[in-house]
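Working notes, structure below.
The values are calculated or read from the model by the stated rules, or taken from the named source; none is laboratory data. In this text the structure is predicted, and so the values were computed from the model without any measurement. Note that we place each Cβ from the backbone using ideal geometry, even for glycine, and neighbour counts take in every protein chain shown. All accessible areas refer to the heavy atoms of the entire protein, side chains included, with ligands and DNA or RNA removed. Shrake-Rupley method; radii C 1.70, N 1.55, O 1.52, S 1.80 Å.
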Amino acid sequence: MLDFLAANPLIALAVILAVGLAIGRISLFGVSLGAAAVLFVALAVSTLNPDIQIPAFVFRLGLAMFVYVIGISAGPAFFREFRSRGWKLTLFMIALLVSLTALAWVLIRAFGLGAGAGAGMFAGSLTSTPGMAAVVALMDPAQAGEPVIGYSLAYPGAVLGSILVAAVGAKLLKVNHTEDARDEGLVTEPLVWKGVRIGDGISGTIGDLPRLSGQQIIATRIVEDPHEHRLADPTLPIQPGMELVINGTANAVDRAIAALGGECDTKIEDTELVYSRFTVSNPDIVGRTVAELDPVANGFMIARIRQGDTEIVPHRDTVLNYSDRVRVVAAPGRMGEVRRFLGDSEKALGDVNLLPFAIGLSLGLLLGAIPIPLPGDTTMYLGFGGGPIVAGLILGALNRTGPITWQLPFHANRTISTLGLALFLAGVGTSAGAGFRQALTDPQSFVYMGVGFAITVTSALVCAVVGMWLLKLKWDESMGVAAGATTNPAIISYLNDQTGTDLANRGYATVYPTAMIGKILACQVLFLLL
């Protein structure tokens, strides 16, 4: 069977993907490896038969696809957070990676580890597959398996070490996950609607209500009488006695009512306006803000937007993307027009336009091919890992350029991401071959494991200490930053399962792009220094 797979690399790739992804779905103590399990399956079969090889072109394409769509997804939040608090976390992440690189250089020298395997071990200690790929790209093809071996030896300890720090720390500090998330305003609450009667002394326009009340709300209807409602045009002036229907969380709505006047008994049934939900699929509106679309001019109001599993109250700068579920308020006779305006077509979402994806990926690969001069007459490249993620971040933040929409539908994004990562891991896993078998029989392998584990635990502890006491983050967000430093989906998945909130996700998403790019550079610099 192994000889058959060696003679048929395409079949070997399919089998490795199938077995690896099946194992990756197995959860032990709340942790599953996901697509990362493909790497270990590929290592196992190539150790048994080194002739089983996946062409390098396959795993390079896979990595480029994987990091590009990550950049597309993270771009808007990365630049938005950067302007407020993100720059502090970005500077911290840069300082952390510089310190860890120095620590790794000292440990590798002290224990007499090889340059290629040592740099791969460093990448594994931070679970950076692109970083490992960057080291592979710098090496002679005959030695390209060394970083993979070092990476594979350190990877399991990296996942375990980060999770141990998060679990033990939360227990010792008696962390209340829900209360911490509520303090940060991140506890997801269901949205409600209520009627408000504007009191005396309140002036402005309907669009000013969030500012006047100090709450994230939106007015969708003006109540003329119990059975006659009209759309709450944000440009219309408000006046004492005016009755409006507002949407928001229960707490936000109650506070807004107290600030604006008083609650009024309002019913939305049997009125001239109705509500419905539609899915955004029209490429002409994707990537545009609510203000640009001007819903009122098109005969409807957007009351709520469901993005992924989160429902939000829209504001003027909210961007609509593919797959968003939009709750609209309009006259019954206008719902057909609203449906056509938004798209509401699962078929359109399934027939993904891959032209923008191909253009963006090409730009990223070209960016990765630009040489970056370093001291000592050496040259570094962002490569097929770093170039695409930088391009993805920029294009993702832009959302669209003229007629080109850079964002992908949610499900297409996730599918391309998982497929790309799986192809990359299958390819680099088979490149290790018999070298991995030899490494496991060598006592020196335990040194690689121990050094990698030490680097991982140091990284998580530094994130905890600096995050909580210097940056004033909650424990869960500090651990999210630690998970972002590893960019490992298994770790953030564990944190999300254990906390039940989005607090860890906030830290993870803020530093993820910097960590992804920084580790690529750090792994290359470490290898060149060695």
Test result for residue 354, among the aliphatic types (A, V, I, L, M) and over 29 Å from residue 222 (Cα atoms) = yes
Any idea which of (1) touching a Ser or Thr at 6+ places or on another chain (Cβ under 8 Å); (2) crowded, with 17+ Cβ neighbours inside 10 Å; (3) under 22 Å from residue 312 (Cα atoms) is the one residue 229 doesn't satisfy?
-> (3)
Contact list, first residue from region 167-178 and touching a residue at least 12 places away in the same chain (Cβ under 8 Å), second anywhere and part of a helix (DSSP H, G or I), beta-carbon distance below 7 Å, six or more apart or interchain, is 169/464; 169/475; 170/475; 173/475; 175/475; 175/476; 177/476; 177/499
Flag if residue 97 is of a type outside the set (Ser, Thr, Tyr) and at pLDDT 85 or above | yes
Quick check: anything in region 393-412 more than 22 Å from the chain's Cα centre (by Cα) and either open to solvent by less than 10 Å² (accessible area, probe 1.4 Å) or closer than 28 Å to residue 37 by Cβ (or both)?
-> no
From the list 325, 339, 306, pick out the single residue that is touching a Lys or Arg at 6+ places or on another chain (Cβ under 6 Å) and at pLDDT 90 or above.
-> 325
Out of (1) within 24 Å of the chain's Cα centre (by Cα); (2) of a type outside the set (Val, Ile, Thr); (3) open to solvent by 40 Å² or more (accessible area, probe 1.4 Å), the odd one out for residue 174 is which?
-> (1)
Taking interchain pairs and intrachain pairs at least six residues apart, which have beta carbon atoms under 6 angstrom, with the first residue in region 339-356 and closer than 15 Å to residue 285 by Cα and the second among the small types (Gly, Ala, Ser) and surrounded by 12 or more Cβ atoms within 10 Å (Cβ to Cβ)?
-> 343/281; 345/281; 348/281; 349/281
Exactly one of 343, 333 is over 17 Å from residue 217 (Cα atoms), open to solvent by 30 Å² or more (accessible area, probe 1.4 Å) and among the small types (Gly, Ala, Ser), and that one is 333
Count of region 75-108 residues which are more than 25 Å from the chain's Cα centre (by Cα) and free of Cβ contacts under 8 Å to residues at least 12 places away in the same chain | 2
Would you point out which residue out of 220, 310 is surrounded by fewer than 18 Cβ atoms within 10 Å (Cβ to Cβ) and among the β-branched types (Val, Ile, Thr)?
-> 310
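Only one residue in 252, 303, 297, 259 is in a helix (DSSP H, G or I) and surrounded by 21 or more Cβ atoms within 10 Å (Cβ to Cβ), so which one is that?
One residue alone meets the criteria, 252.
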Identify, from the list 57, 66, the residue that is farther than 21 Å from residue 451 by Cβ and crowded, with 23+ Cβ neighbours inside 10 Å.
-> 66
Filter region 232-249 down to the residues that are of a type in the set (A, V, I, L, M) and open to solvent by 20 Å² or more (accessible area, probe 1.4 Å), then identify the one that is nearest to residue 303 (Cα to Cα).
-> 236
Just a yes or no: is a residue in region 356-378 more than 26 Å from the chain's Cα centre (by Cα) and either of a type in the set (D, E, K, R) or buried (at least 18 other Cβ atoms within 10 Å of the Cβ) (or both)?
-> yes
Scan region 99-122 and give yes if some residue there is within 24 Å of residue 495 (Cβ to Cβ), out of contact with any Leu (no Cβ under 6 Å at 6 or more places or on another chain) and buried (at least 24 other Cβ atoms within 10 Å of the Cβ), otherwise no.
-> no
Candidate set from region 135-152 (those that are open to solvent by less than 10 Å² (accessible area, probe 1.4 Å) and not β-branched (Val, Ile, Thr)); member that is modelled with the lowest pLDDT | 152
Taking region 313-370 and keeping residues hydroxyl-bearing (Ser, Thr, Tyr) and either assigned to a helix (DSSP H, G or I) or under 22 Å from residue 67 (Cα atoms) (or both) leaves 322, 323, 362
What helices (runs of 4 or more DSSP H) lie completely within region 421-530 and have 1 or more residues being modelled with pLDDT under 80, under 24 Å from residue 142 (Cα atoms) and open to solvent by 50 Å² or more (accessible area, probe 1.4 Å)?
-> 434-440
